[in-house]
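To start, the structure itself, in structure tokens.
What follows draws every value from the coordinates through simple rules; no lab data is involved. Predicted model, so just to flag it, every value in this text is computed and none were measured. Note that we place each Cβ from the backbone using ideal geometry, even for glycine, and neighbour counts take in every protein chain shown.
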Amino acid sequence: MKSKTIYKADSLEVDNGRPFKEISLLIESAKKLLVVSHINPDGDALGTQLAFAAYLKSLGKEVTLVREEAIPERYQFLPGIELIRHIDNIKNSLDIDTVIALECPKLSRAGDIINSLSDDIKIINIDHHQDNANYGQVKWIDKDASSVGEMVYELFESFRYQIDVETAVLLFTAILTDTGRFRYESTSGRTMEIAGRLIEAGANPRHICDKVFYDLQPATIKLIGNVLTNAEFIDNDRTCLLSLTNEILELAEHENAETEGIAEYSLYGKGVTLGVTFKERSRGTTRISLRSRGNPNVAELAAEFGGGGHICAAGCSIDKPISAAKKEFLNKLKEFQVER
């Protein structure tokens, strides 16, 4: 089934205050577009980036997709994944007039590519983070949406864009991953309805779920085992701490191991309401991934360190080695719990 679009911007009606007409008008006037999502891409970032690019190409637009890091192996099955080019291959020759920023609460979250943009570029900001900075000429922020994948489906539906099998796979992957396999509280009846429609359009839920969550390299399984062996429980076992030190990464043959998704294991324990995963990075920086069952609001906790995210999933960084970062974070956690 071939994708096609049969709408005109001047025929669109305002839909519950959602700026579909404004988005369509800006897209119609654009010639060369850059589609970006956040650094450290996940399924929602990659799935919506590729789906939106396919839509724009159906309109005859010139589209550039960019990334800074390697794409996790679990997402290599996504249709068109090879079209997302590394920043080093494009930033010196970038010629665009419009940016579509997907799931970037701050434009800086798109990475260094932002420094290559001229001041007169038009920006469309589509996001579901509660801490979005409201940048761009056109912005659509839906804090109640389960994912940007869900939002892009709604946009395509409004545009009467017929979704083909490949786009269905991309959007189903986006929704599946950003809802924690339909576990997070942001998952609504509408979310499930959209997922059902994507299955009808050709997305195979078992195949996608297997590729994303179960088709792991032996090195990744060893890494998960080493991390879980050293799990710590505090606050009467209600908080689980996981640590990915350089030593653990080396033991697991890190070049072949994936770390994405390990943070989810921090909530697997019975009675655990807060999961914290510390990952040691280069240059003495520690990345912290936070998970909760809705209370506490980990987006608020992450904001204490300049990060952000959602109520149940958020992240931040501390510019210190993992041992010092863990100490600083746990001290702040005590203050945060007292204040609440």
Just flag the trypsin sites (Lys or Arg not before Pro) in the stretch 15-103 sitting in loop per DSSP whose Cβ has no more than 15 other Cβ atoms within 10 Å. 31
Principal axis extents for the stretch 220-311, Cα atoms only, whole Å, descending order, please. 35, 30, 18
Log10 I(q)/I(0) at q = 0.11, 0.12 Å⁻¹ for the stretch 127-207, from Debye over equal alpha-carbon scatterers, is -0.28, -0.34
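Let me spell out the model: positive unit charges on the Cβ of Lys and Arg, negative unit charges on the Cβ of Asp and Glu, origin at the Cα centre of the chain. What dipole size does that give, in debye rounded to 20?
Numbers: 40 positive and 51 negative charges, 45 e Å.
Charge dipole, the chain, about its Cα centre: 220 debye, nearest 20.
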Positive minus negative residues near residue 168 (Lys, Arg vs Asp, Glu; Cβ under 11 Å): -2
Once you have the Cα-Cα distance between residue 247 and residue 285, take 0.36 nm times their residue separation minus that, and quote the gain in nm to one decimal. 12.2 nm
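List, in the order given, every pair from 222/326; 32/320; 143/222; 222/327 whose Cα-Cα distance in the structure shown is over 31 Å. Write out the running numbers ahead of the final one.
Numbers: 222/326 23 Å; 32/320 40 Å; 143/222 37 Å; 222/327 27 Å.
Cα-Cα > 31 Å for 32/320; 143/222; rest within.
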Using Cα Rg over 2.2 N^0.38 Å as the read-out, say which of (1) 0.94; (2) 1.00; (3) 1.17 was calculated from these coordinates. (2)
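Nearest 5 is fine: what % of DSSP beta bridges in the stretch 218-339 come out antiparallel, could you say?
Working: 18 of 24 bridges.
Antiparallel bridges make up about 75 percent of those DSSP assigns within the stretch 218-339.
Could you pull out every whole DSSP H run in the chain that spans at least 18 Å of Cα extent along its own axis and averages 0.5 or higher on the Kyte-Doolittle scale?
On the way: long enough: 43-58 (22 Å, 0.43); 165-178 (20 Å, 1.54); 322-339 (25 Å, -0.47).
The qualifying helices are 165-178.
With a sphere of radius 10 Å drawn around the Cβ of residue 202, what net charge do the other residues whose Cβ falls strictly inside it have (Lys, Arg +1; Asp, Glu -1)? Walk me through the numbers before you get to the answer.
Values: positive: none; negative: 164, 166, 200.
After counting each charged neighbour, the total is -3.
Could you order peptides 104-116, 284-296 by the average number of other Cβ atoms within 10 Å of their residues, highest first?
Numbers: 104-116: 17.9, 284-296: 19.5.
My ranking of the peptides, most packed first, is 284-296, 104-116.
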Within the stretch 30-127, report the GluC sites (Glu not before Pro) that DSSP leaves as loop and that have at most 12 other Cβ atoms within 10 Å. 69
Between 295, 217, 272, whose Cα lies farthest towards the positive end of the dipole of the stretch 208-301 when Lys and Arg beta carbons carry +1 and Asp and Glu beta carbons carry -1, centred on the Cα centre? 295
Take the Cα gyration tensor of the stretch 9-212, multiply each eigenvalue by 5, square-root it, and list the three semi-axes largest first, rounded to whole angstrom. 24, 20, 16
